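One structure is given below, encoded as structure tokens.
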Amino acid sequence: MKAVNEENPIKPYIHHAKYYETDQMRIVHHSNYIRWMEEARMDAMSQFGISYRDMEENGVISPVVSVSCRYKSMVHFDDTVRIQVKVTKYNGVRLDLEYEMTDNETEELRTTGTSTHCFLDKEGRVISLKHEYSEIDAKFRKMLIVGK
């Protein structure tokens, strides 16, 4: 099992599939993968000292602009998945991420996904972290550089 991908020093997020996340066949319901992507994104941000709570307290929100998931193989109750996050684009206004979910034991690819986020102020206007929140911007830029 790989703890950290040599090409991406963002540590993977580990999720243990819960019973309540499954359907009657004990297969994880498709909607949960999007939740796991959000959990993994928050974890990756925290690894670089970016607190979403602090961002919100400073008047910055980061809604999802788009999200997609491609299901490769099923995750079942009690499986453990490793979610690797990669920042593919960041320009201070927009953040694009890729996710790769693999079985933690077999390393079989389970799901891939992407999400795109923007940055808004409390009034819902698009903002540039580069110009208005340089400290946060620098941390996201570091995620982009090390994640390439």
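Values for this structure:
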item: Cβ-defined net charge surrounding Asp121, 14 Å radius [Lys, Arg +1; Asp, Glu -1]; result: -2
item: Helix axis angle, 134-146 relative to the chain longest principal axis, alpha carbon, degrees; result: 40 degrees
item: Calculated FRET value between Asp54 and Thr88, using beta carbons and R₀ = 30 Å, to 0.05; result: 0.80
item: For His29, net neighbour charge (Lys/Arg +1, Asp/Glu -1) across residues whose Cβ lies under 14 Å away; result: +1
item: 1.4 Å probe accessible area per residue over the chain, in Å²; result: 57 Å²
item: Percent RCO, i.e. relative contact order, over the chain, from Cα pairs under 8 Å lying at least 6 residues apart; result: 28 percent
item: Residues in the range 52-96 that a label on Ser128 would reach, taking backbone N under 12 Å of a point 7 Å out along Cα→Cβ; result: 91-94
item: Gained length - Arg26 relative to Ser66, 0.36 nm times residue gap less alpha-carbon distance; result: 11.6 nm
item: Furthest towards positive pole of dipole, Tyr71, Gln84, Tyr133, structure part the range 65-148, Cβ charges; result: Tyr133
item: Pairs from Lys18/Lys86; Lys86/Lys122; Lys86/Lys142; Lys11/Lys86; Lys72/Lys142; Lys11/Lys142 whose Cα-Cα separation, in the structure shown, is over 20 Å; result: Lys18/Lys86; Lys86/Lys122; Lys72/Lys142
item: Share of carbon and sulfur in the accessible heavy-atom surface of the chain [1.4 Å probe, %]; result: 50 percent
item: Cα long-axis angle, helix 31-47 against the chain (0 to 90 degrees, to the nearest 10); result: 50 degrees
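The values are calculated or read from the model by the stated rules, or taken from the named source; none is laboratory data. Since we're looking at a predicted model, the values are computed, not measured. Glycine also receives a Cβ, built like all others from the backbone with ideal geometry; neighbour counts cover every protein chain displayed. Note: areas computed on protein heavy atoms with side chains; ligands, DNA, RNA excluded. Shrake-Rupley method; radii C 1.70, N 1.55, O 1.52, S 1.80 Å.
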